[in-house]
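Below: one structure, written as structure tokens.
The values are calculated or read from the model by the stated rules, or taken from the named source; none is laboratory data. Since this is a predicted model, take the numbers as computed values, not measurements. For neighbour counting, all protein chains shown are included, and Cβ atoms are generated from backbone atoms with ideal geometry for every residue, glycine included.
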Number of protein chains: 2
Amino acid sequence: MENILFWLVPSASILALLLAWYFYHQMMKESEGTATMQTIASHVRKGAMSYLKQQYKIVGLVFLGLVAFFSILAYGFNLQNSWVPIAFLTGGFFSGLSGFLGMKTATYASARTANAARTSLNKGLRIAFRSGAVMGLVVVGLGLLDISFWYLILNAAIPDDILNPSAKLCIITTTMLTFGMGASTQALFARVGGGIYTKAADVGADLVGKVEAGIPEDDPRNPATIADNVGDNVGDVAGMGADLYESYCGSILATAALGAAAYIGTDDITLQFKAVIAPMLIAAVGILLSIIGIFSVRTKENAGIKELLRSLSFGTNLSSILIILATFGILWALQLDNWINISCAVIIGLLVGVIIGRSTEYYTSQSYKPTQKLSKSGETGPATVIISGIGLGMVSTTIPVLAVVAGIILSFWIAAGFDFTNVSMGLYGIGIAAVGMLSTLGITLATDAYGPIADNAGGNAEMSGLGEEVRKRTDALDSLGNTTAATGKGFAIGSAALTGLALLASYVEEIRIGLTRMGETVLTTSNGTIIDIHNAGFTDFMYYYDVTLMNPKVLSGMFIGAMMAFLFCGLTMNAVGRAAGHMVDEVRRQFREIKGILTGQQEPDYARCVAISTKGAQKEMVFPSLLAIIAPIFTGLVFGVPGVIGLLIGGLSSGFVLAIFMANAGGAWDNAKKYVEEGNFGGKGSEVHHAAVVGDTVGDPFKDTAGPSLNILIKLMSMVAIVMAGLTVAWSIF
Amino acid sequence: MENILFWLVPSASILALLLAWYFYHQMMKESEGTATMQTIASHVRKGAMSYLKQQYKIVGLVFLGLVAFFSILAYGFNLQNSWVPIAFLTGGFFSGLSGFLGMKTATYASARTANAARTSLNKGLRIAFRSGAVMGLVVVGLGLLDISFWYLILNAAIPDDILNPSAKLCIITTTMLTFGMGASTQALFARVGGGIYTKAADVGADLVGKVEAGIPEDDPRNPATIADNVGDNVGDVAGMGADLYESYCGSILATAALGAAAYIGTDDITLQFKAVIAPMLIAAVGILLSIIGIFSVRTKENAGIKELLRSLSFGTNLSSILIILATFGILWALQLDNWINISCAVIIGLLVGVIIGRSTEYYTSQSYKPTQKLSKSGETGPATVIISGIGLGMVSTTIPVLAVVAGIILSFWIAAGFDFTNVSMGLYGIGIAAVGMLSTLGITLATDAYGPIADNAGGNAEMSGLGEEVRKRTDALDSLGNTTAATGKGFAIGSAALTGLALLASYVEEIRIGLTRMGETVLTTSNGTIIDIHNAGFTDFMYYYDVTLMNPKVLSGMFIGAMMAFLFCGLTMNAVGRAAGHMVDEVRRQFREIKGILTGQQEPDYARCVAISTKGAQKEMVFPSLLAIIAPIFTGLVFGVPGVIGLLIGGLSSGFVLAIFMANAGGAWDNAKKYVEEGNFGGKGSEVHHAAVVGDTVGDPFKDTAGPSLNILIKLMSMVAIVMAGLTVAWSIF
């Protein structure tokens, strides 16, 4: 039964890819509009593609370096599994491919969306949403395909008769995790580079265009406006695609590894196999239900903005409700021994995601008090807007943290059969909750990727001078996209927290393998107990390495982890500041030197702004990204295993809270400005509006560069720790 | 020998208090200057005193409630030591008294400093510094007096023949810790209330006065200017005095408790006694050397600003060097068995303090690149100033965290005789490092409290129209104060981190006592080992409660701890935003309604602004402060001991990094503005200056409200956990 069920996984992934292909071709059949629209779209497309090409060159170099390093460790010192270098490469390749395909679709879709909006709102929504769905489906499709592929290869390649019968699946699943590190590394560069690119352009365009020259957003007279639109694609589409590809695979792989670990030492290999494929099956079913959800998104002609939102929400809600029912069904069919408990963990994960999303909406939408009050604080100038926004962001961390805490405790407790000492099953439950949260990623990512497409469609409409009516429609589509993007961000952060915990647990599994490779057969804990290494549980490893909170190495690691989150954020903020500064100088220079720009008689030099953003992003992304890779290795070499675990937990807890703070503060500033622009507190052009624009500008790197990059930092540090476990186990200073 | 040495402790404390009394009377003999100067000084004094009176009323109510609660726990349910309620009260009383005396001195000293500056810079420095020394000496004097007093009382009151011979000192020292909670609670209210007061007034005065009306700082036409000067006293003097009283006592008491614990189960009671009094002796010697340092601060007539700084630094450096030598001497005289190792821990603590101070100076002084670059970012407007400042602050956490990590590892390792399994000695080493860092508090606090006195002197000179020359001198004194204040802040944060760790270890000691009170005699750890509770070490308790990083209760606690730091910061930021908003409205109203203010023909209504700040601070301080008290109790009731330890560590690591970020970003914005005002990038009144003023205004609550309050949050949560350990041990949901 379970062997037949497994084939659901590759089948669902192929179905997703086929559908993505179909949606892509449907979209390409549409007209791209007038000649001006086509020219602008091709400017943006070229800028985006040339950026991505540059980026892949640099990332390629980093990958080469890392693969060489891993090869030395694996083949030279036997400190690593020999599959690591190649698994690492495929993860990076597929993650990059997801971002590339999503972005390619988006850059073709935006002019078509704008053109469709000339006919009707509904048609615009349909094109934008289905193009967003291409990315959603590509990410989940490629993710599950990669997972199935590696599972089948490793299952065939690794002999059955190693060590003890249950060890094989442990080795397979932990090896597969290393392709997660490839995906993480790719995702980090994409998020950081894309985030710096998009915000340097956006901040530069806003500061000079809106604030100094007083021209509207996306005005063709603004030299940075093409770069701004390119930025939406490279940051919000390609970056997000790579990011969520990584979360998705990371949560499934970590949970599979925990499933294998939960049944280590068992004789019932079938039970272990079921635990390993359960997360993959949930994901596969999630794909099918996402597809149903995607097809259910349709709205009446002449629908208002509320109806649009309702029809998008209907799709995601439908998928979520169906996945709950389907999970009970599939886990029952799998005959997993504790299928009811595990199904409950899926529900918990989904609920945590919903609560975080709702909390994000409450704190960042101008329909609610917090953001409205933030707008009001503009009456006393930009300084109070900043103070209040930071206060709002910090306070807004409460509900998401409590939701995640409840999710951790309940999914652990229920999956463990209400017994806190059943650690391996409990941790498996946390992993399953993460998988549950991400199971409907196909559709949530579709609504997410829809945002920048609609944004670019608006940009195209404005620059092509399509007239008030069309611009109004694209504005409605854009505004809808802002709401879904904010919810999606909360979702990405929440899943990162749970996935981070699951990865941490997988790290401990890697320790077991690392020790075994070094010839250890038993563990002697610091209070003298001796345990066979193959039967040792998570807690035994904690005792062996004394990973308690009175160990100074653990404490040191935790401080470094907390610091890493801040340092990383600070570096990306500074990078945006510097790159935006160059953009401002350039835009000012063009306004000054090319006299005809502001009167509309002369075209600004868009290409130069694109080049500045590209160069800035490429230059600035390398150091913070390498730091994230080096920190766990360094901590491991100095403080050993306890230090690394401390680092991961410190980074996870601080990084999670910091990420929510930054995302929500940024979102609230953005919408507080919109609320003023809707005519409140003096409306556009008032002093309050100027103050709100300062808040919005500060919020840009908060919500689109530093905040989202933190999600990946959390997971990448865990992934690096996992891949480098062999080295850490073998040697450390203290 | 050790019994004779003990008397050094009360003797040093009395000497400190006598000298404080002497300095106070010397200062009072000086003239307070012209009639206008006296009137202004009396306005500020009255405002400050009436604020403090209000504050003590509210804090008194909170104390009454808590004492009633503790009494019920102690006498009704036997969940607590019966000394707790009264010890708690004295801690609160002395902490409040330190703040009160320091502030009283400061409010008398500022006009006298301004008046002395009419004669010479040197005379002004002398009065301001010696008045600052009053607070330094009062804090250390009252602290050690309270400690000696309680030690003698408890030693007499608790019978010798309890349980086992070494248990008595454990009970004495852990009971004394509860007076630390009283001090913490008082300090939190003082810091939060004072911080909100001072920044509401400052932000309000700056926003309308400087930015909108374009009048200089401390201009008598600004209605908020008296409130601003009152704020310096209630926030930076009274708040800081209570804060550092608490750090000082907390580090000594926690270390004494760790010393007692390190020798639990020993037959050599003398050795245990030595370990208990060692931190007190270091502190006592530190007082004597601080006094020497204070007297060494003198400068030539007509000294420049550099020479002034050098003479202040000479005093602190002299004390620091002497304390290293003296520590070796005193610990050798005490015949502590590992006196060399323990002396090294003192040196490590001092070094960590120096490194953090230097790093703060580098990141926040306009003499260095980071702040200069921050000023330059003002060329592209306020938004880039904020982005760059946040980036700077986040990056600036790196060196302090690495310094603290090195301090933790090295002081643990060396004190433990280079054996990481010797946990109790290692933790004692961390405590000793904290004591070392704070040992010269008498003089460091003097240079710290000097700052607001000089600031107020400048305000007085400006408002009394004392002329350019005098104002220049008071500006020089003020600028010197900014540098010392920034260093002092780094110092306060660093000591909070180490003290927090020492308190955490003391919490585990309280667990032992709580379990014993409940009749437990042995510990059974989760892997089956059974240990006599009286001989159990720290690690045994970790195993008993499974305080490992794979326990979901620990992880949940850590997430909540990290969230608490952000929530608390956010609440205080919002409080300042709201209170400042009211102040802005009031100042605008006065400018609008009282026509003669700006022309100088009519006096503004200062009292109304004072009342607004007072009311705002009182109203806003209660919720965040109570939250800090409730969080550990609540976490304990839900998640038990593992959850509480997680909470404390999560709060400590995130809170420490967050505090440094906020303090340094705030300090850098302040000085970036000063750098512009010195004539760079266009100087006063330029666009860059306007942008820099926005940064400075945002930075005010960062550095003077939220940041410093976090130090106390970290320690108060530990203190509450310690005092409530009996309840947590007895019952929890999970």
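For this structure, a couple of remarks:
- Here the stretch A:521-564 is the region considered, the condition is being touching a Gly at 6+ places or on another chain (Cβ under 8 Å) and among the hydroxyl-bearing types (Ser, Thr, Tyr), and the residue that is farthest from the other protein chains (Cβ to nearest Cβ) is A:Tyr545.
- Considering each residue of the stretch B:557-573 in turn, none proves to be within 30 Å of A:Gly537 (Cβ to Cβ), of a type outside the set (S, T, N, Q) and not in a helix (DSSP H, G or I).
- B:Ser50 fulfils the conditions (1) part of a helix (DSSP H, G or I); (2) touching a helix residue (DSSP H, G or I) at 6+ places or on another chain (Cβ under 8 Å); (3) among the hydroxyl-bearing types (Ser, Thr, Tyr); (4) at pLDDT 90 or above except for a single criterion, (4).
- Subset of the stretch B:396-410 (residues that are facing another protein chain (nearest Cβ under 9 Å) and in contact (Cβ under 8 Å) with a residue 60 or more places away in the chain): B:Ser396, B:Thr397, B:Pro400, B:Val401, B:Val404, B:Ile408
- Taking the criterion of being more than 7 Å from chain A (Cβ to nearest Cβ) and over 24 Å from A:Met550 (Cα atoms), the residues of the stretch B:565-577 that qualify are B:Phe568, B:Thr572, B:Ala575.
- Selection count, the stretch A:485-527, where residues are outside any helix (DSSP H, G or I) and not β-branched (Val, Ile, Thr): 6
- Filter result for B:Leu351 (of a type in the set (A, V, I, L, M) and under 26 Å from B:Ala256 (Cβ atoms)): yes
- Residue within the stretch A:142-154 that is of a type in the set (S, T, N, Q) and not in a helix (DSSP H, G or I) present: no
Yes/no per residue for (1) in contact with a helix residue (DSSP H, G or I) (Cβ under 7 Å, 6 or more places away or on another chain); (2) over 18 Å from A:Gly640 (Cβ atoms); (3) surrounded by 24 or more Cβ atoms within 10 Å (Cβ to Cβ):
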site: A:Leu501; (1), (2), (3): yes, yes, yes
site: A:Asp532; (1), (2), (3): no, yes, no
site: A:Phe541; (1), (2), (3): yes, no, yes
site: A:Asp546; (1), (2), (3): yes, no, no
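- Top-ranked residue of the stretch A:678-711 - restricted to ones that are within 22 Å of the chain's Cα centre (by Cα) and among the small types (Gly, Ala, Ser), ranked as surrounded by the fewest Cβ atoms within 10 Å (Cβ to Cβ): A:Gly707
- Test for B:Val208: is it within 14 Å of another protein chain (Cβ to nearest Cβ), in contact with a helix residue (DSSP H, G or I) (Cβ under 7 Å, 6 or more places away or on another chain) and not in a loop (DSSP other than H, G, I, E, B): yes
- A:Gly407 vs. criteria under 20 Å from the mean Cα position of the chain (by Cα) and either modelled with pLDDT of 90 or more or under 21 Å from B:Asp546 (Cα atoms) (or both): yes
- Top-ranked residue in the stretch A:715-734 [being more than 19 Å from the chain's Cα centre (by Cα) and within 14 Å of chain B (Cβ to nearest Cβ); ranked as farthest from A:Gly640 (Cα to Cα)]: A:Ala721
- For the stretch A:333-353, the candidate set comprises residues that are of a type outside the set (S, T, N, Q) and in a loop (DSSP other than H, G, I, E, B); within that set, the residue that is farthest from A:Ile321 (Cα to Cα) is A:Asp337.
- Positions within the stretch B:314-357 being out of contact with any Leu (no Cβ under 7 Å at 6 or more places or on another chain), among the polar types (S, T, N, Q) and over 25 Å from B:Val401 (Cβ atoms), in sequence order: B:Thr327, B:Gln335, B:Asn338
- Scan of the stretch B:368-384 for residues that are in contact (Cβ under 8 Å) with a residue 60 or more places away in the chain and more than 9 Å from chain A (Cβ to nearest Cβ), ordered by number: B:Pro370, B:Thr371, B:Gln372, B:Leu374, B:Ser375, B:Gly378
- Residues that are out of contact with any Lys or Arg (no Cβ under 9 Å at 6 or more places or on another chain) and of a type in the set (Val, Ile, Thr), drawn from the stretch B:661-689: none
- For the stretch B:186-226, the set of residues classified as under 23 Å from B:Gly695 (Cβ atoms), among the aliphatic types (A, V, I, L, M) and modelled with pLDDT under 90 consists of B:Ala200, B:Ala201, B:Val203, B:Ala205, B:Leu207, B:Val208, B:Val211, B:Ala213, B:Ile215, B:Ala224, listed by residue number.
- Odd one out for B:Leu466 among (1) more than 30 Å from B:Thr398 (Cβ to Cβ); (2) in a helix (DSSP H, G or I); (3) in contact (Cβ under 8 Å) with a residue 60 or more places away in the chain: (2)
- Residues in the stretch B:53-61 include at least one that is in contact with a helix residue (DSSP H, G or I) (Cβ under 8 Å, 6 or more places away or on another chain), buried (at least 20 other Cβ atoms within 10 Å of the Cβ) and under 18 Å from B:Ala190 (Cα atoms).
- Residue within the stretch B:178-191 that is aliphatic (A, V, I, L, M) and at positive phi present: no
- A single entry from A:Asp219, A:Asp146 fulfils the requirement of being crowded, with 24+ Cβ neighbours inside 10 Å, of a type in the set (D, E, K, R) and touching a helix residue (DSSP H, G or I) at 6+ places or on another chain (Cβ under 8 Å): A:Asp146.
- Test set (1) touching a helix residue (DSSP H, G or I) at 6+ places or on another chain (Cβ under 7 Å); (2) over 30 Å from B:Val404 (Cα atoms); (3) within 10 Å of chain B (Cβ to nearest Cβ) - A:Asp585 fails condition number: (1)
- Yes/no for B:Ala631 being more than 10 Å from chain A (Cβ to nearest Cβ) and buried (at least 23 other Cβ atoms within 10 Å of the Cβ): yes
- Filtered by the rule that a residue be closer than 13 Å to B:Thr397 by Cβ and either among the polar types (S, T, N, Q) or outside any helix (DSSP H, G or I) (or both), the stretch B:630-682 gives B:Ser653, B:Ser654, B:Asn664.
- Picking from residues in the stretch A:222-275 that are surrounded by fewer than 24 Cβ atoms within 10 Å (Cβ to Cβ) and among the aliphatic types (A, V, I, L, M), the one that is nearest to A:Gly195 (Cα to Cα) is A:Ile264.
- Residues satisfying the stated conditions in the stretch A:92-125, i.e. charged (D, E, K, R) and more than 21 Å from A:Leu441 (Cβ to Cβ): A:Arg112, A:Arg118, A:Lys123
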